[in-house]
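Bear in mind that the values in this text are calculations on the coordinates, not laboratory data. What you see is a predicted model, and the numbers here were worked out from it, not measured in a lab. Because the Cβ atoms are built from the backbone with ideal geometry, glycine has one as well, and the counts that use them run over all protein chains shown.
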Amino acid sequence: MSDAIPSDAAAFLGELVMRLQRGTLARLKRVPADALYWQPHRESNSIGVTVWHYTRWWDFFGTVALVGGDVAAQHWIRDGWAERTGYDPRGKPPDGFGLLTGYSVEEMLAVPHLSADELSAYHTASTTSALSAIAAEDATSLQQILHVGEGDSGGPRYAQILGLALGSHRHLGEIDALQALFERSEKTRERSEKTRERSETQGRSVKT
């Protein structure tokens, strides 16, 4: 695969982010409330935490990494989410950005549970800022090296944005899989309850 940056790179990246935004909002609109923070097991990210995770990355990119902003400019901080939830991601290990990447299970479980509407609002604000930052890029700037956090060897801004976009789109597939697992789990639970109820009814009939 060629490493060349396409002439319409900023428009291409922007389209990926817009598609991500539409896909995320559509899923948050249809996901059942009981499914939003359901986990197939304790160490698994839920749908809500998954959305928060990649939205945190877009928040960081759109307000800090791509524009040279202060960490306090992040939507999570300036829009009051940190204050309302009591969760300030600044200083969280391993990189001090609090993006979920590298979190332990306990740190993941401490992520606040926003409602679907709240996640939609945060995601929209974060990706909209990212879209503005991307629109300001050109073929020259997208070739410049961008380092994201300690230990990051860096890469062209184009590659860094593209990698985040593709990774976020993969998370949409994970969300679909989690909802399917939730629905399957609910059907299994309902069948088990019906079987138990039939057994109890039959037991009472035998006794009488």
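If the convex hull of the alpha-carbon atoms of the stretch 117-185 is projected onto planes in all directions, what is the mean projected area in square nanometres?
Over all viewing directions, the stretch 117-185 projects a mean Cα-hull area of 6.5 nm².
Under the 0.36 nm per residue contour assumption, what length would be gained going from the current alpha-carbon distance of Arg84 and Asp117 to full extension?
10.4 nm
Can you give the helix-only mean residue ellipticity at 222 nm for the chain, where every DSSP H stretch with n ≥ 4 adds -39500 (n - 2.57) and the sum goes over all residues, rounded to the nearest 500 deg cm²/dmol?
The helix-only estimate for the chain comes to -20000 deg cm²/dmol at 222 nm.
From Cα pairs below 8 angstrom and at least 6 apart in sequence, can you work out the relative contact order of the stretch 61-161, rounded to a whole percent?
26 percent.
Give, rounded to the nearest 20 debye, the magnitude of the charge dipole that the stretch 71-196 has about its Cα centre when Lys and Arg contribute +1 at Cβ and Asp and Glu contribute -1 at Cβ. Please list the in-between numbers first.
On the way: 12 positive and 18 negative charges, 89 e Å.
The calculated dipole for the stretch 71-196 is roughly 420 debye.
May I ask you to derive the FRET efficiency for Glu107 and Ser7 from their Cβ-Cβ distance with R0 = 35 Å, giving the value to the nearest 0.05?
Numbers: r = 42 Å, r/R0 = 1.20.
The computed FRET efficiency comes out at 0.25.
Along the Cα-to-C-beta direction of Glu43, a point sits 7 Å from the Cα; which residues of the stretch 95-133 have their amide N less than 16 Å from that point?
Within reach of a label on Glu43: 102-109.
Using per-residue counts of other Cβ atoms within 10 Å, averaged over each peptide, order 92-98, 183-189 from highest down. Don't jump to the answer; show the numbers that get you there.
Numbers: 92-98: 16.7, 183-189: 11.4.
Highest to lowest by the protection proxy: 92-98, 183-189.
Let me check the size of the stretch 9-207 from its C-alpha atoms; what are the radius of gyration and Dmax in Å?
Rg and Dmax of the stretch 9-207, Cα atoms, are 20.5, 83 Å.
Give me the percent relative contact order of the chain, please, defined on Cα pairs under 8 angstrom at least 6 residues apart.
Reported as a whole number, the value is 30 percent.
Tell me which of Thr50, Val17, Gln39 sits at the most positive position along the dipole axis of the stretch 1-64, charges placed on C-beta atoms (Lys, Arg +1; Asp, Glu -1).
It is Gln39.
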